[in-house]
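Worksheet: one structure, shown below.
The values are calculated or read from the model by the stated rules, or taken from the named source; none is laboratory data. Because the structure is a prediction, the values reported are computed rather than measured. Please note: Cβ atoms are built from the backbone with ideal geometry, for glycine as well, and neighbour counts cover all protein chains shown. To get the accessible areas, we keep the full protein, side chains included, count just its heavy atoms, and leave off ligands, DNA and RNA. Shrake-Rupley method; radii C 1.70, N 1.55, O 1.52, S 1.80 Å.
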Amino acid sequence: MASVRIVEFRGFKLCLNDQTYEPSDDTDILLNLLKVGKGEKVLDMGSGSGILGIWSLIMGGKVMFVDINPYATTSTLCSLKVNNLYNSPNYLGVLNCDLLSCLRKYDFDVAIFNPPYLPVEEYNEWIGYSWSGGKDGSKVLVDFLKTVKANRIYTLYSSLSDEDRILYAINKGRFKISQKYEKVIGYERLIGLELVKEDDKGSFSRA
């Protein structure tokens, strides 16, 4: 295990190690879409370096960070400390668990998830969980959409993923795509989404 190193991204200091995903183009896409209101309860799923949740804290959100990778949760905690946010009253904690399996009942205003989206299964090291989206690249995101309870979701998938399966899960979860941001990187297209939950009356929550 390499020692922790500090990088700068979007004006924040972030702690990384060789088992934590470094923010990249996909992170930028989500940051360009992300909107959080003051006091909103936010879930940063797959927190990694912590940048998406930290951005949400700065916007006034109350943020819970979750990652399956124990080295990533260590990075998240470190990033919170070096940015002087660890003692923020809006910081709700960092949890090391698989998706929402460690939470009993918790509804969020906003959920953010930069999921593993490549069609591979590489789990020999913890860092592999950052990009291994299952055989079709959609499994982890689809599992998340089946279980999360949130009014808005900011997430992303790749043109290498099973897009039909993802769109089906979005519709089944009664979400509407309210914003989309696409970026072509080499032979791959990344698609960032803002999803808004349909309420019981058939209308949609305002972002």
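General observations
- 17 Å tail of the calculated P(r), the stretch 101-207, as % of Cα pairs: 54 percent
- In the chain, helical runs assigned H by DSSP with n ≥ 4 each contribute -39500 (n - 2.57); averaged across all residues and rounded to the nearest 500, the mean residue ellipticity at 222 nm is -7000 deg cm²/dmol.
- For the stretch 25-197, share of DSSP beta bridges that run antiparallel, in % to the nearest 5: 45 percent
- Under 16 Å from Lys139, Cα to Cα: lysines that are on another chain or at least 8 residues apart: Lys172
- Loop-exposed GluC sites (Glu not before Pro) per DSSP, neighbour cap 13 Cβ within 10 angstrom, longest uninterrupted part of the chain: 1-120
- Under 25 Å from the Cα of Lys38 - lysines, other chains or at least 8 residues apart: Lys13, Lys62, Lys81, Lys105, Lys149, Lys176, Lys180, Lys197
- Using the alpha carbons alone, the radius of gyration of the chain stands to its Kirkwood radius in an Rg to Rh ratio of 0.94.
- For the stretch 53-90 and the stretch 1-48, distance of Cα centres in Å: 9 Å
- Estimated FRET transfer efficiency when R0 is 30 angstrom, pair Glu8-Leu103 (beta carbons, to 0.05): 0.40
- Under the convention that each Lys and Arg Cβ holds +1 and each Asp and Glu Cβ holds -1, the size of the dipole of the chain around its Cα centre is about 900 debye.
- Given 11 as the ceiling on other Cβ atoms within 10 Å, longest exposed-site-free region of the chain for chymotrypsin sites (Phe, Trp or Tyr not before Pro) in DSSP loops: 1-122
- Given their separation in residues at 0.36 nm each and the Cα-Cα distance between them, Val120 and Glu182 gain 20.1 nm when the chain is fully extended.
- Here the Kirkwood formula, the inverse mean of 1/r across different C-alpha pairs, assigns the stretch 20-138 a hydrodynamic radius of 14.4 Å.
- Rolling a 1.4 Å probe across the protein heavy atoms gives the stretch 25-197 an accessible surface of 45 Å² per residue.
- Farthest towards the positive end of the charge dipole of the stretch 120-207, among the residues Ser138, Leu167, Gly186, is the Cα of Leu167, using unit charges on the Cβ of Lys, Arg, Asp and Glu.
- Of all accessible heavy-atom area on the stretch 25-197, the percent that carbon and sulfur account for (1.4 Å): 49 percent
- Dipole of the stretch 25-197, positive end: most advanced residue of Leu30, Val196, Asn69 [Cβ charges, Cα centre]: Val196
- For the stretch 56-116, the alpha-carbon radius of gyration amounts to 1.11 times the rule-of-thumb value 2.2 N^0.38 Å expected for a compact globular protein.
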